[in-house]
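Computed from the coordinates by the stated procedures, all read-outs in this text should not be read as laboratory data. Small disclaimer: the values here were computed from a predicted structure and weren't measured. Methodologically, a virtual Cβ is constructed for each residue, glycine included, from the backbone with ideal geometry; neighbour enumeration extends over all protein chains shown.
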Amino acid sequence: MRTLAALALTMAMFVAAAHHAAAQVQMPTAKEMSGRVLPVPDVPVGTVTVRVMRGDKNIVGHVADLLVDGKRRTATTGADGRASFSGLAKGAKIKAVATVDGERLESQDATIVESGLRIVLVATDPEQVKREEEDRRLAAGPAAAGTVVLGPESRVIAEMSGDRLSIYYLLQIVNSARTPVDIGGPLIFELPREARGSTVLEESTPTATANGPRITVLGPFAPGVTPVQAAYELPYSGPTARLTQTWPAALQQLTVMVQQIGGLSIASSQFTATRDINDQGQALILGTGPGLAAGQALTLEISGLPHRPEWPRNLALALVGAIIAAGLLGAYGGARRTRTA
């Protein structure tokens, strides 16, 4: 049985591939990548490319140096910001160097191997530094009226454990403004009325709480992402469970994942695609669709659930009812005959 963490990681990897972006791990900035030497298959063997940047922008026509076994070679960056050095012997020791606006940039020491190497040297961008400082100042300032959305990496996961159906909401509350946002009150998720045992998971913001069939997230909401992860049990009878969830904020992308166990399946008129995926031998079903507006409900059916036949229970209840009725009739009839005598 897969754990929630494994399911969440699988879902994040799939969505990341679909959106060509990392869902779970924040990618390092260009400045954090500066100086790293990366072996890559798309650069010819014995070739090193050195990309020179200022912040997140390429610098064209700039001189870059490559120290090869202590000897300096020089090249100029092209339209893509890269200077190329070729014909390097395997085992040669290298280091890339460039100076931008008086800032000396150096790469790690590296050795030529059986693949090409790629290096990026990133100088400080004063304008970018200024914007980042302003972002930090605004983020620490007072909240302004605004709205939030549920980001495209938000998802719903259904998991069977024995005869219990658990529903997990892995949500990203996104504030795209540079200041904290006050939406006029808390963000309240009214869970399906059948929900039992609702809880907020550890990875959630501390401002999120569960109270019966309700998840409440207090504002204001900081710029960026506020994570909320909640879980509850969805009782069901028969082979199909029905889930209806109204979202208090716009959901940018509908993504639902269910373990494919014993013929389990999912269906929703709001899906535009469903597909089977496999993660380390675990079969999973993925349903996706366009975003939903604030106040719009997700309606979903999960079929093929393990269940006990209802006819024995219904028959037993009918027999009990018949026995009780017969007993009452006998008692009433006997009393009436006694009074008549």
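Can you give me the C-alpha center-to-center distance between the stretch 179-207 and the stretch 75-133, rounded to a whole angstrom? With the stretch 179-207 and the stretch 75-133 each reduced to a Cα centre, they are spaced 46 Å. Computed over the alpha carbons of the stretch 34-84, Rg followed by Dmax gives 11.2, 30 Å. Each Cα pair under 8 Å and six or more residues apart adds its separation to the average, and for the stretch 34-124 the resulting relative contact order is 43 percent.
Dimensions of the stretch 116-259 based on its C-alpha atoms, expressed as ranges along the principal axes with the largest first, amount to 64, 52, 24 Å. Subtracting the Cα-Cα distance of residue 40 and residue 265 from 0.36 nm times their residue separation leaves 76.9 nm of extension gain.
Convex hull volume per residue, computed on the Cα atoms of the stretch 125-199, equals 139 Å³.
Across the stretch 76-83, coupling constants 3J(HN,Hα) worked out from phi with the 6.51/-1.76/1.60 Karplus curve, θ = phi - 60°, read 10, 5, x, 5, 8, x, 10, 10 Hz, and Gly and Pro carry x.
Quick one: if the Förster radius is 35 Å, what FRET efficiency do residue 203 and residue 272 give, using the C-beta to C-beta distance and rounding to 0.05? My answer for the efficiency is 0.75.
Within the stretch 79-148, report the GluC sites (Glu not before Pro) that DSSP leaves as loop and that have at most 15 other Cβ atoms within 10 Å. Passing both the DSSP loop test and the Cβ count: 114. Rg over Rh for the stretch 34-124 works out to 0.94, using Cα positions for both radii and the Kirkwood form for Rh. What net charge do the residues around residue 285 carry, taking every other residue with its C-beta under 10 Å from that of residue 285, with Lys and Arg at +1 and Asp and Glu at -1? Here the count lands on 0.
For the residue pairs 57/93; 31/130; 93/130; 95/130, the alpha carbons lie more than 26 Å apart in 57/93; 93/130; 95/130. Extension gain, residue 190 to residue 218: 0.36 nm times the residue separation minus the Cα-Cα distance gives 8.6 nm. Taken along the Cα-to-beta-carbon direction at a fixed 7 Å, the label points for residue 58 and residue 29 span 2.2 nm.
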